[in-house]
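Have a look at the structure below before the remarks.
The values are calculated or read from the model by the stated rules, or taken from the named source; none is laboratory data. This is a predicted model, so every value here is computed, not measured. Note that each Cβ is placed from the backbone with ideal geometry, even for glycine, and that neighbours are counted across all protein chains shown.
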Amino acid sequence: MRRLRSSQILLGVISLLFCQLSFALEKVVIQLPWTHQFEFAGFYAALEKGFYQHEGLEVEIRAGGVGKSSLSEVLNNSATFGVTGSELLLARASGQPLVALGVIFQHSAAGLLTLADSDIFTPQDFSGRKLEMGDLSTDAEAFAVLQAEGITARQYEHIPSTFSMQNLVNKQSDVVSVYTTNQPFYLDQQNIPYRLISPRSYGIDFYGNTIFSHEETAKKRPELIEAFMRASLRGWRYAFDRPNELINIILDKYSDFPFAHSRKHLEFEYQQMKTLVLPDLIELGHMNPGRWRHMANVFVSLGLLQPDYNLDGFIWNPLHTSSQSNKPYIEVGIVLTLALVLMLILLVVFNRRLQTSQQQQQALEAQLKFSQSKEQVALWGGSLGYWHWDRQDNTLFLDELASTYLGGIPEAKLFQLKEMNADSNSLSVRNFFSLLSEPIRSKKGRFEIEAQRQDDEGKTQWLICRGEATSYTEEGSLQQAQGVLRDVSDLRVATQQVEQLAITDSLTGILNRRYFISRLSAFMQRVKFGDGHFAVILINIDNMEKINAEYGEHTGDNVIETLADIIQQQMRPLDLVARYGGQEFAVLLPNTTNAEATQACERICNYIAHYRFDTGSYSFFATVTSGIIDTQEFSLTELNSKLLLHNAEERVRKGKSQGKNQLISA
């Protein structure tokens, strides 16, 4: 009886201490840019799974909509945090005190859409058509594509955006700007074929949804920023690991009529978002300063920013040491310490024999539990579905994951094959035998089989089956086999995404040499078929070795980054700018003569020559030597990429030999 009362007292004290902690939650508000949908699943997960509460926060998630700006809500202190797109960069550059905290969408979901039965395939086909878009401040990607492809406002009719597909379906518009995770679903539901034109295909690669706050909050409350971002990014990871659970939560708690999305619509959003967020390739919340500068340079080319823009302080730098940020953990540590002390005092009263008996019982239970669950843990950890085929008993066992991979309902079941019928519950069994039974019967011992099938949405699903034949009949026929299934579709998609990410230079954020040469070869083929001409400029930094020796390699890297920004800023959006070598840049100028290229290069060289580099202790100027080559200098029979680059490099060497800071065009 005493032991029972002691345990009750201990539980009461611990409960009281934890209740005291619950009163310390700080209330904050996050403003969404649009209505509730899977696009914001990470925030719902952080709230519903208690991640915000764990960080000491009581969070209110406010839905957005037409006429409500998350930027305005944060600026007037109606919301602590907000979510928005590339307009955040424009707001900061115009003087608004806003700070980018973390990026969720590594690639913007903005796109251009036309019906499949139209004869529109590229932006060059927009001439004379009706384009339904927002203005420059809301549809910057679309206008950047038009600018990059040389399409002027006089060549098309601009229709203000209605955020609907109706005008397109009724042929009242030819092209519509869309959010690729949302509007295309309505066409899919009506079985209307369509064609997407991605800005990324034309060098316009902006960040999408970005979490931001007021600059004053970031400066005065860094511990609040860190706590909110930790919980939010944890919520986003949870959402991508358990999409079906989050879809159920949204349907149950975040379906705001008349804007509520159906389950299929939410599943469509999730599938599209994976290719834009890249949660398995890039750390959630990651931001690259080079990408932000690239976006700013595109805005400069569109006339939305001045060339002398300043992004200092725009990107939030997380604190690594802060006594205030550890406050919740200190409080929890105090509570746990007090509880532990109380527990130890009470444990002294317990009988030693009873304590030993309990420990032994716990050890036996833990050992039994481990023995029973280790196979399930291994299967779960590897996302593997288990199957067992017994030809003697004419049965097939599929666990929940194996049944799901094979297109059946997600449940573990032992199928009596002689009782099988054609209902939907046996779809997984039919797929097992159509895809795997023949290869399995032909194998001996351990084996690996690769198979593919079409899912309900017509997408290709790749499966790897690894197994072992465990017994045979006396005649040598297969009697029993078992193994595992794994869906490797995401791995194949991820491999393709990695290849797409490998086209930029890690230091400067501009194109790398390999991608530049591939695009040069493509332009060369067009020229050989009589389609236009182009010029190439090679720009080599003078005295780079001296700069590194006198000011350090860090300063040398800063020179390379700065000159990359200057060159990108001075060129047209349709020109290709790349880092060609350690201290050398290359520019491809489509439909540009030698004289025009020389004029552009003189502008760049003059800008660089008057740019002062400041290390804090020293300041200095840098110059460049340039070589210009034009395809019109060669006949079509002798023209090739290697010859063109060789001549440009020779002209750079000639300029270096003449004292550097030279421009050689012929």
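One table, with the values for the structure above:
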quantity	calculated
Which numbered condition Lys642 fails, given (1) among the charged types (D, E, K, R); (2) farther than 28 Å from Phe529 by Cα; (3) free of Cβ contacts under 8 Å to residues at least 24 places away in the same chain	(2)
Residue ID - nearest to Asp241 (Cα to Cα), chosen from residues in segment 474-491 that are of a type in the set (S, T, N, Q) and at pLDDT below 90	Ser489
Among the candidates Gly85, Gly56, Gly102, Gly67, residue that is surrounded by fewer than 16 Cβ atoms within 10 Å (Cβ to Cβ) and either modelled with pLDDT of 95 or more or in the same structural domain as Arg230 (by TED's automatic domain parsing) (or both)	Gly67
Residue among Leu588, Leu643, Leu563 that is hydrophobic (A, V, I, L, M, F, W, C) and either over 38 Å from the mean Cα position of the chain (by Cα) or assigned by TED's automatic domain parsing to the domain that holds Gly290 (or both)	Leu643
Looking only at segment 594-628, and only at residues there that are of a type in the set (Val, Ile, Thr) and either free of Cβ contacts under 8 Å to residues at least 60 places away in the same chain or out of contact with any Asp or Glu (no Cβ under 9 Å at 6 or more places or on another chain) (or both), the one that is surrounded by the most Cβ atoms within 10 Å (Cβ to Cβ)	Ile628
Test: residue in segment 120-143 that is surrounded by fewer than 22 Cβ atoms within 10 Å (Cβ to Cβ), in a loop (DSSP other than H, G, I, E, B), free of Cβ contacts under 8 Å to residues at least 12 places away in the same chain and among the polar types (S, T, N, Q)	no
Residue that is modelled with the lowest pLDDT, among those in segment 509-546 that are part of a loop (DSSP other than H, G, I, E, B) and among the charged types (D, E, K, R)	Asp531
Residue in segment 210-220 that is surrounded by 15 or more Cβ atoms within 10 Å (Cβ to Cβ), acidic (Asp, Glu) and touching a strand residue (DSSP E or B) at 6+ places or on another chain (Cβ under 8 Å) present	yes
Identity of the residue in segment 609-666, in a loop (DSSP other than H, G, I, E, B) and touching a Leu at 6+ places or on another chain (Cβ under 8 Å), that ends up nearest to Arg519 (Cα to Cα)	Phe634
Filtered residues of segment 281-321 (kept if part of a loop (DSSP other than H, G, I, E, B), over 23 Å from His214 (Cα atoms) and in contact with a Leu (Cβ under 9 Å, 6 or more places away or on another chain))	Leu281, Ile282, Glu283, Gly303
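A quick yes/no check of all residues on (1) within 37 Å of the chain's Cα centre (by Cα); (2) without any contact (Cβ under 8 Å) to a residue 24 or more places away in the chain; (3) in a helix (DSSP H, G or I):
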position	(1), (2), (3)
Arg430	yes, yes, yes
Ile440	no, no, yes
Gly458	yes, yes, no
Gln480	no, no, no
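Rundown of residues vs (1) in contact with a Leu (Cβ under 6 Å, 6 or more places away or on another chain); (2) farther than 30 Å from Leu224 by Cα, yes/no style:
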| position | (1), (2) |
| --- | --- |
| Val99 | no, no |
| Ile104 | no, no |
| Leu115 | no, yes |
| Asp119 | no, yes |
| Thr122 | no, yes |
| Lys130 | no, yes |
| Asp139 | no, yes |
| Ala148 | yes, yes |
| Val169 | no, yes |
